[in-house]
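Read through the structure below, which is laid out as structure tokens, and then see the notes.
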Amino acid sequence: MFKRLGDTGATLTLTVDGKPIRARIGDTVAAAMLAAGIDHCRTTPVSGAPRAPYCLMGVCFECLVTVDGVGSRQGCLVPVAEGMKVETQLGKREAGR
Amino acid sequence: MLKDAYDVAVVGGGLVGVATAWGLAREGCRVVVLDEGDRAVRASRGNFALVWVQSKGYGLAPYAGWTVRSSEAWAGFAETLKQETGLDVCFQRPGGFHLALSEAELQARADALKRLHNQPGIVQYKAEILDHAAVKRMLPDIGPEVAGGSYCPLDGHVNSLRLFRTLHTALNARGVTYLPDHRVEAITREGGEFQLVTARGTITAGKVALAAGNANMRLAPMVGLEAPMLPERGQIVVTERLRPFLHHPVVTLRQTDEGTVMIGDSREESTDPRGLTIGVSATEASRAVRMFPLLASANVVRTWSAIRVMTQDGFPIYDQSESHPGAFTVCCHSGVTLAANHALTVAPMIARGALDASLVGPFSARRFHVQAAG
Ligand SMILES: Cc1cc2nc3c(=O)[nH]c(=O)nc-3n(C[C@H](O)[C@H](O)[C@H](O)COP(=O)(O)OP(=O)(O)OC[C@H]3O[C@@H](n4cnc5c(N)ncnc54)[C@H](O)[C@@H]3O)c2cc1C
Ligand code: FES
């Protein structure tokens, strides 16, 4: 869906739900997921509708993902890191996980 | 405005006012609700949403019976609202807990319940002290620090903001006139009618029901009534939505129908609704985590404070004025719990023009005058 404008700069690898994806250093988690063609990062807790990052600037909270075990982080505000483990969130989070 | 266009003017559009107004409309009254604007301080927008029985009535035994009556009426109240509006206020009554984090707290809890239920003439209902193992059978996720708790099968909860919206929807459907930005500044009586003065004009009605929360203190003397108030602040901490794990409300902590966990039972003397004392939220949250350790990894998404409508002794006030017959006060803390009573019991009394002393006599503000009580 999204294409990078230029293809320069160093890359790294993170995993999303266990699957490795390549990202550019300086990408946010949300940008890296969109660039990798992942079209939703969670489903909503009440109706289960799929959601994708939207505002990309920290205000809409659509981009929530679990990052290295910490739930409901805003993917658009977290820079990617080598080996980072991102998990999409389905519905309500389970307390204690 | 037509002269005497309204049978009853309800002053205040919080939960108490709208529940009363809905009940009045059901009795066939032509009702107007006069309210402040969107930025008004409203307990009804910031409360904890319990429909709660256990612990109520120490110091005024009839309050226990009054609370049980509302608790028993609540399911039917919610069902009627659903039929009228199509909206579900998510009332549930699975029974609720008060949890103790030490043997000393558990003992204090047992003593308090005994004192409450030993009062002469108090309504009898089940409220039992359970040890850790018995609590754990119903709340499997409690932590090791929970010594036990008290359990009452009458306790429940509701989606309080949805209740507020549903009542407004129901009022609208029944043709009640709701006038926001109509803060009542003065009330006078002429020719058997009440004139309610606002900056946007004067409204005339045959009767007036004062349901303006803490502002009743200022309004009641205008019609020969009194409402001694002592507002206090409470704070609430809210987590992200979590899969259901807590199937009974705890007095300090409950999981809503949509999954968020609300934490809070604080009391402060402050009356600044914009302020928030971080230490208070932190204490609430840390006690919650000791009760349910799995909450340690939940994210907090919101905290707020709200001002409780509180009479000086904590019990409701219902009165009709002797000098200005037709003027009533309807004023209380626990306006969520008592919403069914206000709609189904108090409103019909106001419509008839007489409060039934056998039901609400003990809640007259005359109790504040020690000399007069003899
Ligand atoms: C933190 C907190 C937790 C709570 N938890 C619970 C709970 O778990 N269970 C429970 O049963 N209860 C609970 N309560 C109590 C409950 O919220 C209140 O009892 C209830 O909302 C009171 O409703 P009210 O309509 O009297 O007051 P409010 O909601 O304060 O409304 C008063 C209304 O009067 C209007 N008004 C004021 N002056 C005027 C005027 N001069 N002219 C016209 N209008 C005027 C205001 O604009 C407002 O709309 C809680 C309260 C708080 C603050
Ligand atoms: S995309 Fe809007 S907050 Fe992250």
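Quick notes on this structure:
- Where a residue in the stretch B:233-246 is more than 14 Å from chain A (Cβ to nearest Cβ) and its partner, wherever it lies, is among the aromatic types (Phe, Trp, Tyr), with Cβ under 6 Å and at least six apart: B:Ile236/B:Trp304
- No other residue among B:Ala173, B:Ala209 is buried (at least 19 other Cβ atoms within 10 Å of the Cβ) and not polar (S, T, N, Q) apart from B:Ala209.
- In the stretch B:298-327, the residues that are more than 14 Å from chain A (Cβ to nearest Cβ), in a loop (DSSP other than H, G, I, E, B) and away from ligand 1 (no atom under 16 Å from the Cβ): B:Ser321, B:Glu322, B:Ser323, B:His324, B:Pro325, B:Gly326
- Hey, B:Thr271 modelled with pLDDT under 95 and either surrounded by fewer than 15 Cβ atoms within 10 Å (Cβ to Cβ) or more than 14 Å from chain A (Cβ to nearest Cβ) (or both) or not: yes
- Single condition B:Arg254 does not satisfy, out of (1) at pLDDT 95 or above; (2) surrounded by fewer than 19 Cβ atoms within 10 Å (Cβ to Cβ): (2)
Every residue, every condition in (1) of a type in the set (Val, Ile, Thr); (2) in a strand (DSSP E or B), yes or no:
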| site | (1), (2) |
| --- | --- |
| A:Asp7 | no, no |
| A:Leu12 | no, yes |
| A:Arg22 | no, yes |
| A:Ser47 | no, no |
| A:Pro53 | no, no |
| A:Leu56 | no, no |
| A:Val59 | yes, no |
| A:Gly83 | no, no |
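- Any hit, the stretch B:328-342, residues being modelled with pLDDT of 95 or more, more than 16 Å from ligand 2 (Cβ to nearest atom), of a type in the set (Gly, Ala, Ser) and surrounded by fewer than 16 Cβ atoms within 10 Å (Cβ to Cβ): no
- For the stretch A:65-89, the tally of residues that are exposed (fewer than 15 other Cβ atoms within 10 Å of the Cβ) and within 10 Å of chain B (Cβ to nearest Cβ) stands at 2.
- Every pair of residues 6+ apart whose Cβ atoms lie under 9 Å, when the first sits in the stretch A:41-64 and is within 11 Å of chain B (Cβ to nearest Cβ) and free of Cβ contacts under 8 Å to residues at least 12 places away in the same chain while the second is within 11 Å of ligand 2 (Cβ to nearest atom) and of a type outside the set (A, V, I, L, M, F, W, C): none
The values are calculated or read from the model by the stated rules, or taken from the named source; none is laboratory data. Since this is a predicted model, take the numbers as computed values, not measurements. Neighbour counts are summed over all protein chains in view; Cβ atoms, including those assigned to glycine, are modelled from backbone coordinates with ideal geometry.
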